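Structure record follows, encoded as structure tokens.
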Amino acid sequence: MGLSIGFNKLSETQVVAACDIDKVKYKRFLLEFEKSSNSGKNNNKNQLFFTDNYFDLLNRKDVDGVVVSTPDHWHAAMSIDAMRLGKHVYCEKPLSHTIKEGRAMVNASKKYDRVLQTGSMQRSSSNFLIGCQLVRNGYLGKISQALVNVGNPASVCKLPFEETPDSIDWDKWLGSAQLRPYNKALISTSFFPRWRWYKEFGGGILADWGAHMFDIVQWGLGMDDSGPVRFVPPQEPNAVKGLKMYYRNDVEVIHQDFCRGYGVRFIGSEGTMDVSRGFIDSKPENIVKSEFKNEDLKLYQSKNHLLDWVTSIKNGTEPICHAEIGHRSASVCHLSNIAYELREELYWDPINESFVDNKKANLMRSKIYRDPYFVDV
């Protein structure tokens, strides 16, 4: 809903259609949408097309791009179908539900020559741009460690059975997920329904927020086309923090609460820096006050994540968080969930995107799809 209102405010775009399998949720969306300011070239509020079948939307000739803001287990299917039918895609984070789905989405973006923007919108925030530029240009010295505070890994959904409301097509909502009973907590009208907690539909809050914060680690370390190579989970069976991961350059990243809310702490030989949505500071204090030099590396600057996608479509350029970047950051989340579930030390080959000598872990790069909701991975 927030994304549709955001696009509605852009003079470069016009929202013309919406798709949902929950008619009550759509009515709520329409009320909020009509309250929002509309700066588009044509005001189509009274003609907004609605469907519960996303192919009806994808087959419209007046649709140039689509926003996929569904539970994670639907991201790949909808995004790939959209690109195959000629639409550009803005897909919410984490980009995929599995590692293999993410690679399939990258491949589709290339094959169909479509612009895919991942909704890891912190890259379009000045705090994170400044922080990552400081790291990349050595203002903290040699980086040895990063701490990332996000929520818990995914768990299995064991919610009790409830009667499905007539307004919801539950089979479509489940899609590729295995059949299980409805529960209103999964599809509530709140901003954060609980589907994201469960591995059947999401990746836990570890992936939900990790797609933001691990993404900043990837950006800061210059690892947008790679990732960690070793994962060491905590051995306590119920531990939901403490996972350690290591990059080829020996930087250690720890999933750990450092008591400042969700955010990232970079630790270098010349100081430390904490960065989050609400602050950026350092020890010593002068690091974050540094003036960048002309010869310093300048990272991609975007002031509006939505507009960056639209501009990239118009110019035929890659957006700030294109498919490969989104896939690699989502993969860090998926790999972390796998390590927490198996409680084994894992070695990852980011070039071939496979675990080294671990058949069980390699099987977890994908999932079992429910007929007929398959994704070709």
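The values are calculated or read from the model by the stated rules, or taken from the named source; none is laboratory data. Because the structure is predicted, anything quoted here is derived from the model rather than measured. With ideal geometry, Cβ positions are generated from the backbone for all residues, glycine too; neighbour counts draw on all protein chains shown.
Would you point out which residue out of Lys100, Lys142 is within 30 Å of Ile287 (Cβ to Cβ) and touching a Ser or Thr at 6+ places or on another chain (Cβ under 6 Å)?
On the way: Lys100 fails: within 30 Å of Ile287 (Cβ to Cβ).
When all the criteria are applied, what remains is Lys142.
Considering only region 114-144, state which residues are over 16 Å from His305 (Cβ atoms), of a type in the set (S, T, N, Q) and within 23 Å of the chain's Cα centre (by Cα).
Gln133, the sole residue that qualifies.
Please go through (1) more than 19 Å from Tyr300 (Cβ to Cβ); (2) crowded, with 19+ Cβ neighbours inside 10 Å for Ser144 and return the number of the only condition it doesn't satisfy.
(2) is the only condition that Ser144 fails.
Tally up the residues in region 291-331 that are in a loop (DSSP other than H, G, I, E, B) and touching a Cys at 6+ places or on another chain (Cβ under 8 Å), please. Reasoning before the result, please.
If we filter region 291-331 for residues that are in a loop (DSSP other than H, G, I, E, B), which is where we start, we get 291-304, 316-322.
Keeping just the survivors that are touching a Cys at 6+ places or on another chain (Cβ under 8 Å) gives 299.
Residues that pass the stated criteria total 1.
When you go through (1) more than 20 Å from His212 (Cβ to Cβ); (2) outside the structural domain of Gly138 (by the TED database); (3) surrounded by 15 or more Cβ atoms within 10 Å (Cβ to Cβ) one by one for Asp308, which number turns out not to apply?
(1)
What tally of residues in region 1-22 results from selecting those that are assigned to a loop (DSSP other than H, G, I, E, B), of a type in the set (A, V, I, L, M) and within 17 Å of Val89 (Cβ to Cβ)?
3
Can we say Phe192 is at pLDDT 95 or above and aromatic (Phe, Trp, Tyr)? I'd like the intermediate steps shown before the answer.
On the way: at pLDDT 95 or above: no; aromatic (Phe, Trp, Tyr): yes.
In short, no.
Scan region 88-109 for residues that are more than 14 Å from Cys321 (Cβ to Cβ), buried (at least 23 other Cβ atoms within 10 Å of the Cβ) and of a type in the set (D, E, K, R) and report the count.
Count: 1.
Which numbered condition in (1) of a type in the set (A, V, I, L, M, F, W, C); (2) more than 27 Å from Trp219 (Cβ to Cβ); (3) surrounded by 15 or more Cβ atoms within 10 Å (Cβ to Cβ) is the only one that Ile368 fails?
Evaluating Ile368 over (1) of a type in the set (A, V, I, L, M, F, W, C); (2) more than 27 Å from Trp219 (Cβ to Cβ); (3) surrounded by 15 or more Cβ atoms within 10 Å (Cβ to Cβ) leaves (3) as the failure.
Is there a residue in region 94-114 that is among the charged types (D, E, K, R) and outside the structural domain of Phe29 (by the TED database)?
No, every residue in region 94-114 fails to be among the charged types (D, E, K, R) and outside the structural domain of Phe29 (by the TED database).
Take the residues in region 209-236 that are among the charged types (D, E, K, R) and surrounded by fewer than 24 Cβ atoms within 10 Å (Cβ to Cβ), then tell me which one is modelled with the lowest pLDDT.
Filtering region 209-236 for residues that are among the charged types (D, E, K, R) and surrounded by fewer than 24 Cβ atoms within 10 Å (Cβ to Cβ), the one modelled with the lowest pLDDT comes out as Glu236.
Condition check ((1) buried (at least 21 other Cβ atoms within 10 Å of the Cβ); (2) in contact with an Asp or Glu (Cβ under 8 Å, 6 or more places away or on another chain); (3) aliphatic (A, V, I, L, M)) across all residues:
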position: Gln117; (1), (2), (3): yes, yes, no
position: Gln133; (1), (2), (3): no, yes, no
position: Asn149; (1), (2), (3): yes, yes, no
position: Lys184; (1), (2), (3): no, yes, no
position: Thr189; (1), (2), (3): no, no, no
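Taking helices (runs of 4 or more DSSP H) that do not extend beyond region 59-175, which have at least 1 residues that are over 29 Å from Gly222 (Cα atoms)?
Working: elements: 75-84, 99-111, 126-136, 170-174.
Correct list: 75-84, 170-174.
Just wondering, is there one or more residues in region 184-194 that are under 24 Å from Ile99 (Cα atoms), among the hydrophobic types (A, V, I, L, M, F, W, C) and in the same structural domain as His255 (by the TED database)?
For region 184-194, residues under 24 Å from Ile99 (Cα atoms), among the hydrophobic types (A, V, I, L, M, F, W, C) and in the same structural domain as His255 (by the TED database): present.
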